[in-house]
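J.: What follows is a single structure, and I will ask about it in a moment.
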């Protein structure tokens, strides 16, 4: 019983895959993903080419567009770096969104209630608060995972909703700005609690955080003992036990750091861009971050690149609203690209050959 | 009529990506014979039998059943032609009874079935062939040998004329193996045929009528058992003369390296798996542990290596108590461990050879970073010294072959300069060449004054390599024997649960 479908071709397994081939496969997958999504645009009677150019134009076509793309890249890249750390140990932390919200919450606490502190104390304090709150939020699913092997995928995902509604409670209730015409917003952060921006763009200095975290993580994973323990534990828990590594401790540490990094992203967003809390502070950065981490194969430097591309897609999506396309088109694009990239993985390990007759 | 073979396979070929598993193999079985299929791991025995049982469709060649050309499109067709197979891993539902399990495999069962009738048939078959079994017993209550009987009865009730047994004695004590061969004799007397897949030359020579040897997917030849000998078979299997028997001189010294005192430990399922084990290991000796798989040997190794905690009792290394110490501490003491599960315990499958070589030394670097340049240099040296063949050192180790994986693992463990090497089934799954290499390596280490705890299922290996053999059954030590004074039968009885003291009183 053979696959007649392939005619005189057949799929063979290979054991090697060059970097060039991997790159080629990734690019091809993304292009196919875009074309596939374009098909649906075509069905609705609109011109996909117009859509592509609209997105390109909005995100790369002007200095403003480019700067907005960078603004979106910052939270995406930081969240994704956090998520990728957990993924490396095969811990499926789907909770970056919630950890982002809790990080923003922690940072906002100091901005709102200790508003007299000078910048040099305020910003590090907010960063630390974001780091700790995000980390603690990720520890909640990590503890049952570490000690009783409770599935972290579901528990970390569900905690996103808890974080989201905690934020809603704050901005509708105790933290609502009394002079805000009853809008669900906190009052604006003091000047000392905002991260400075470049010139008259909205790009904050938080972009340096992206670079620092990415570089540190690169060296952590590649050269450090702890990074090595994470890779071994991710490949086989039994091998980790065999080498005397503490799996339980590493689950807790990795999940904490993963959440803490997403928490930093939350801090950077409220302190660098929004300057206040509101009900929705993220258009799903924490979820897109998962996609980015997978597309970048968990490589910290690729994550920054892919985040830039996804940022562009997001900016393009915002601009679509003004030209008659629903902005959710962009979600469809993302989904379509991920689908093709994951399917393309197969070709890294297999190749198509002509049958010898 | 009598000359028409029961089953004839002509020029069977089967290709898998990258390898030709069967290359024009011809093979036949007459009725009333036991025909052995002998070959090393990966020689193509299992593939050939999977073709015969309809699991694989051959790329070329024909199958004739009683002279009639037949084509199987599914395992069902093979069953209908009277071909049945007992796999190495039994396909039984543990909480069900014997009768219920057998019922499951009977095709065309009515909605309302008669369990009593099935039970009676089971009893009838089991009496006819000397396969005593209680049809009402639950599978989990049965020993491995009894479970194997259930599989055989299942095939008989399905009307099998040709029974294929895949390495049937791997899980049996010598006595159980003898009983199995008696049963097989009864079967061929009644006109059935038996195909025995094996890589053990002794049992094949003692119990079969003809032997077909496979090597690298090709049939090397079929010989009459009475006209051949071990040497000829080995040469056919390996393709060259194998080196002379190992000679092991005892190099046991007086210093006690490691001792267990009344140690009990739990198994993975939370039940007591080791019961009051006391033993000493001396430097320079190879201490063998014999037993049927699953009688606590693996847990014993894990306790010694520090991967399983001790429930009661104490253990000492060089005279000092280390009962509470974990794996990392034991590693630093100089206890290296070659686990049964090499691919996912001894190695991290997704990491490459370099990264895996750092598994027991990565902590020795000062500071937070690993000196990969040093790891690479060490790895290159070991790969050379231990003759590990790699396509690329940057590939994940899961792509390596079994023999090379074991060499890589042993290289790392021996290079860590241990005082005690715990090796669990270190030769399992290796071909003759690699097996020979591993054996020599372990003996060499003991001659250098290291202590070796060797857990093996192969009595020949234990008898030829060790200084002392401890026999385990049900998590307890049945006795200690001296390999030069004991017999296979004595060890076999102890493996089945008889204590050494009882044996000698009787």
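J.: Based only on the alpha carbon positions, what is the Kirkwood hydrodynamic radius of the stretch B:319-378, in angstrom?
T.: Final number for the Kirkwood radius of the stretch B:319-378 is 13.3 Å.
J.: Turning to a different aspect of this structure: Under 13 Å from a point 7 Å along the Cα-to-Cβ line of residue B:128: which residues of the stretch B:149-185 have their amide N that close?
T.: The answer is B:153-162.
J.: Same structure again: For chain A, what mean projected area does the convex hull of the alpha carbons give, in nm²?
T.: For the Cα atoms of chain A, the hull's average projected area reads 22.8 nm².
J.: Using Stokes-Einstein with the Kirkwood hydrodynamic radius over Cα pairs, what translational diffusion coefficient do you get for the protein assembly as shown at 25 °C and a viscosity of 0.890 mPa s, in µm²/s rounded to a whole number?
T.: The diffusion coefficient I find is 77 µm²/s.
J.: Also, I was wondering about something else. With springs only between Cα atoms under 10 Å, which of A:292, A:261, A:203 fluctuates most in a Gaussian network model of chain A?
T.: Of the options given, A:203 has the highest mean-square fluctuation.
J.: So, in nm, how far is label residue A:182 from label residue B:341 when the simple model puts each one 7 Å beyond its Cα toward the Cβ?
T.: In this crude label model, residue A:182 to residue B:341 measures out at 6.3 nm.
J.: Counting residues in the stretch A:240-323 as N, plug N into 2.2 N^0.38 Å and put the Cα Rg over that result.
T.: 1.42
J.: Peptide A:227-237: average number of partner chain Cβ atoms within 10 Å per residue?
T.: 5
J.: Over chain A, with a Gaussian network built from C-alpha contacts below 10 Å, which listed residue (A:304, A:171, A:71) shows the highest mean-square fluctuation?
T.: A:171
J.: Additional query: Going by how many other Cβ atoms sit within 10 Å of their own, how do B:165, B:279 line up, fewest first?
T.: B:279, B:165
J.: Sticking with this one: Strictly greater than 13 Å: what percent of every Cα pair in the stretch B:356-422 meets that?
T.: Percent of Cα pairs beyond 13 Å in the stretch B:356-422: 66.
J.: While we're here: Taking a quarter of the surface of the convex hull around the Cα atoms of the stretch B:101-179, what do you get in nm²?
T.: Average projection, Cα convex hull of the stretch B:101-179: 5.7 nm².
J.: Okay, moving on. Using only DSSP helix segments of four residues or longer, with each worth -39500 (n - 2.57), what per-residue ellipticity at 222 nm results for chain A after dividing by its residue count and rounding to 500?
T.: Here the helix-only value at 222 nm equals -23000 deg cm²/dmol.
J.: Still on this structure, I have one more. Would you kindly work out the equivalent ellipsoid of chain B from its C-alpha gyration tensor and give its semi-axes, the square roots of five times the eigenvalues, largest first in whole Å?
T.: 42, 28, 22
J.: At a Förster radius of 25 Å, what calculated FRET efficiency corresponds to the Cβ-Cβ distance of residue A:47 and residue A:297, to the nearest 0.05?
T.: 0.15
J.: Looking at the square roots a ≥ b ≥ c of the eigenvalues of the Cα gyration tensor of the stretch A:121-254, which shape do they give, rounded for a/c under 1.5, prolate if a/b is larger than b/c, or oblate?
T.: Oblate, since a/c reaches 1.5 and b/c is not below a/b.
J.: How high is the relative contact order of the stretch B:42-187, in percent, counting Cα pairs under 8 Å that sit 6 or more residues apart?
T.: For the stretch B:42-187, the relative contact order is 28 percent.
J.: For the stretch A:208-357, what class follows from the C-alpha gyration tensor (a ≥ b ≥ c being the square roots of its eigenvalues): rounded when a/c is under 1.5, otherwise prolate if a/b is larger than b/c, else oblate?
T.: oblate
J.: Right, here's the next one. Equivalent ellipsoid semi-axes for the stretch A:200-246, as square roots of 5 times the alpha carbon gyration tensor eigenvalues: give them largest first, rounded to whole Å.
T.: Working through the eigenvalues yields semi-axes of 35, 9, 6 Å.
J.: So, one more: Shape of the stretch B:134-211 from its Cα gyration tensor (a ≥ b ≥ c, root eigenvalues): rounded if a/c is under 1.5, otherwise prolate when a/b > b/c, or oblate?
T.: oblate
J.: Using only alpha carbon pairs under 8 Å that are at least six residues apart, calculate the relative contact order of chain B and give it in whole percent.
T.: Over chain B, the number comes to 15 percent.
J.: What FRET efficiency comes out for the pair residue B:440/residue A:172, r = Cβ-Cβ distance, R0 = 51 Å, nearest 0.05?
T.: For R0 = 51 Å, the calculated efficiency reads 0.10.
J.: For the stretch A:275-343, would you read off the P(r) tail past 18 Å as a percentage of all alpha carbon pairs?
T.: Tail of P(r) above 18 Å: 43 percent of Cα pairs.
J.: With all pairs of different alpha carbon atoms counted, what Kirkwood hydrodynamic radius in Å does the stretch A:163-214 show?
T.: After inverting the mean inverse Cα-Cα distance, the result is 13.4 Å.
J.: Still on this structure: Evaluate the relative contact order of the stretch A:119-256 (contact order divided by residue number), counting alpha-carbon pairs under 8 angstrom at least 6 apart; express in whole percent.
T.: 28 percent
J.: Taking a temperature of 4 °C and a viscosity of 1.567 mPa s, what whole-number D in µm²/s does Stokes-Einstein yield for the stretch B:289-448 with Rh from Kirkwood over alpha carbon pairs?
T.: Once the numbers are plugged in, D ends up at 78 µm²/s.
J.: Of all beta bridges DSSP finds with both residues in the stretch B:404-505, what is the antiparallel percent, to the nearest 5?
T.: 50 percent
J.: Taking N as the number of residues in the stretch B:388-478, what is its Cα Rg relative to 2.2 N^0.38 Å?
T.: 1.19
J.: Taking the 0 to 90 degree range and rounding to the nearest ten, how far is the long axis of helix B:144-157 tilted relative to the main principal axis of chain B, both from C-alpha atoms?
T.: For helix B:144-157, the angle is close to 20 degrees.
J.: Stokes-Einstein at 4 °C, 1.567 mPa s, Kirkwood radius from Cα pairs: D for the stretch A:180-287 in µm² s⁻¹?
T.: Calculated translational D: 78 µm²/s.
J.: Additional query: What's the FRET efficiency of residue B:488 with residue B:90 using the Cβ-Cβ distance as r and R₀ = 30 Å, to the nearest 0.05?
T.: With a Förster radius of 30 Å, E is 0.75.
J.: To the nearest 10 degrees, how steeply does helix A:48-60 sit against the main Cα axis of chain A, on a 0 to 90 scale?
T.: Here the helix axis deviates by roughly 50 degrees.
J.: Further, regarding this structure: Among DSSP beta bridges whose residues both lie in the protein assembly as shown, state the antiparallel percentage, nearest 5.
T.: If I count the DSSP bridges inside the protein assembly as shown, around 60 percent turn out antiparallel.
J.: Using just the Cα positions, wrap the stretch B:191-291 in a convex hull and report its mean projected area in square nanometres, one decimal place.
T.: Computing the convex hull of the Cα atoms and averaging its projections yields 12.1 nm².
J.: Once you average over the residues of B:342-348, how many Cβ atoms of partner chains fall within 10 Å of each Cβ?
T.: 6
J.: Same structure, new question: Using only Cα atoms and rounding to the nearest 10 degrees, what angle (0 to 90) does helix A:152-172 make with the longest principal axis of chain A?
T.: Compared with the principal axis, the helix lies near 30 degrees.
J.: Still on this model: Given the stretch B:44-146, what whole percent of its Cα pairs are spread farther than 17 Å?
T.: 63 percent
Read-outs throughout are calculated quantities, based only on the coordinates presented, and are distinct from any laboratory measurement. No experiment lies behind these values; they were computed from the predicted model shown. Neighbour counts are summed over all protein chains in view; Cβ atoms, including those assigned to glycine, are modelled from backbone coordinates with ideal geometry.
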